[in-house]
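Participant: Here's a structure for you.
The values are calculated or read from the model by the stated rules, or taken from the named source; none is laboratory data. Not measured: the values here are computed from a predicted model. Glycine also receives a Cβ, built like all others from the backbone with ideal geometry; neighbour counts cover every protein chain displayed. Protein only, heavy atoms only, side chains kept; ligands, DNA and RNA dropped before computing areas. Shrake-Rupley method; radii C 1.70, N 1.55, O 1.52, S 1.80 Å.
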Amino acid sequence: MNVNNEVEVVQLQEKKFVGVAVTSAFANHDPRRVEEAKHVFLNRKDEITGTINSKEYVCLSFTSETLFTYLICMEVTELKEVPAGMLGFSIPTHKYGKTRSEDDPYAVIHYYLKENGISNNNRAMVIEVYKFEDPQWPNNVDVYIPIEE
């Protein structure tokens with residue numbers, strides 16, 4: 001697999017998000033839980049104020065050895081008015097391996113990182129950026145995996 005041209009290393013500055021979260025165990029995970037959270041988000045996204053890009057939504061995730069949390073959000077300018085039942089949070093500046101690929105973007109980025117001696121930052125959040133008009137996975141999704149600096 002030669003993917004060096006498909007992955008770029010980028011630095012993203014601090015970002016702020018508002019949205020809904022779902023946490024699940026890897027064992028016996030029911031994918032419908034994520035779909036239900038996405039449905040709640042889509043029905044309530046207009047309650048989020050100060051959005052940076054109304055044409056896209058952002059899904060962030062982090063994992064432990066037994067659980068994962070998936071957040072479906074809009075990026076916002078400030079965390080001033082977080083709607084009831086939603087979560088407002090910021091992520092600090094990080095470097096990321098970024099790609100958009102017809103293949104599994106996670107595999108593409110991890111291969112690139114391994115080939116270039118770069119370590120994944122397991123403590124930071126993974127970012128997926130979707131367009132509302134065409135959120136097809138994986139062709140139209142930008143994936144960012146945090147890397148160690």
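Participant: Could you tell me how many of the residues in the range 38-58 are in contact (Cβ under 8 Å) with a residue 12 or more places away in the chain, among the aliphatic types (A, V, I, L, M) and not in a loop (DSSP other than H, G, I, E, B)?
Facilitator: Matching residues across the range 38-58 total 2.
Participant: Among (1) more than 15 Å from Leu12 (Cβ to Cβ); (2) part of a helix (DSSP H, G or I), where does Ser61 come up short?
Facilitator: Condition (2) is where Ser61 drops out.
Participant: Hey, another quick one. Under 8 Å between Cβ atoms, which residue pairs at least 6 apart in sequence (or on different chains) link something in the range 77-89 that is in contact (Cβ under 8 Å) with a residue 40 or more places away in the chain and surrounded by 11 or more Cβ atoms within 10 Å (Cβ to Cβ) with a partner that is hydrophobic (A, V, I, L, M, F, W, C) and not in a strand (DSSP E or B)?
Facilitator: Close Cβ pairs satisfying both conditions: Pro83/Ile48; Met86/Ile48; Gly88/Leu79; Gly88/Val82; Phe89/Leu79.
Participant: Quick test of your reading of the structure: Asn139 fulfils all but one of (1) under 13 Å from the mean Cα position of the chain (by Cα); (2) open to solvent by 30 Å² or more (accessible area, probe 1.4 Å); (3) not aliphatic (A, V, I, L, M). Name the failing condition by number.
Facilitator: With (1) under 13 Å from the mean Cα position of the chain (by Cα); (2) open to solvent by 30 Å² or more (accessible area, probe 1.4 Å); (3) not aliphatic (A, V, I, L, M) applied to Asn139, the lone miss is (1).
Participant: Pull up the range 7-37, narrow it to residues that are touching a Lys or Arg at 6+ places or on another chain (Cβ under 8 Å) and either polar (S, T, N, Q) or part of a loop (DSSP other than H, G, I, E, B) (or both), then point me to the one that is surrounded by the most Cβ atoms within 10 Å (Cβ to Cβ).
Facilitator: Val7
Participant: Now for a separate question. State which residue pairs qualify: first residue within 11 Å of Asn140 (Cα to Cα) and touching a residue at least 40 places away in the same chain (Cβ under 8 Å) and inside the range 95-111, second residue assigned to a loop (DSSP other than H, G, I, E, B) and of a type in the set (D, E, K, R) in any location, beta carbons under 9 Å apart, and separation of 6 or more residues or different chains.
Facilitator: Thr99/Glu6; Arg100/Glu6; Ser101/Glu6
Participant: Here's another thing I want to ask about it. Kindly state which strands (runs of 3 or more DSSP E) lie completely within the range 84-149 and contain at least 3 residues that are of a type in the set (Lys, Arg).
Facilitator: Result: empty, no element qualifies.
Participant: Which one is most open to solvent (accessible area, probe 1.4 Å) among residues in the range 39-69 that are at pLDDT below 95 and of a type outside the set (S, T, N, Q)?
Facilitator: Restricting to residues being at pLDDT below 95 and of a type outside the set (S, T, N, Q), the top hit is Glu65.
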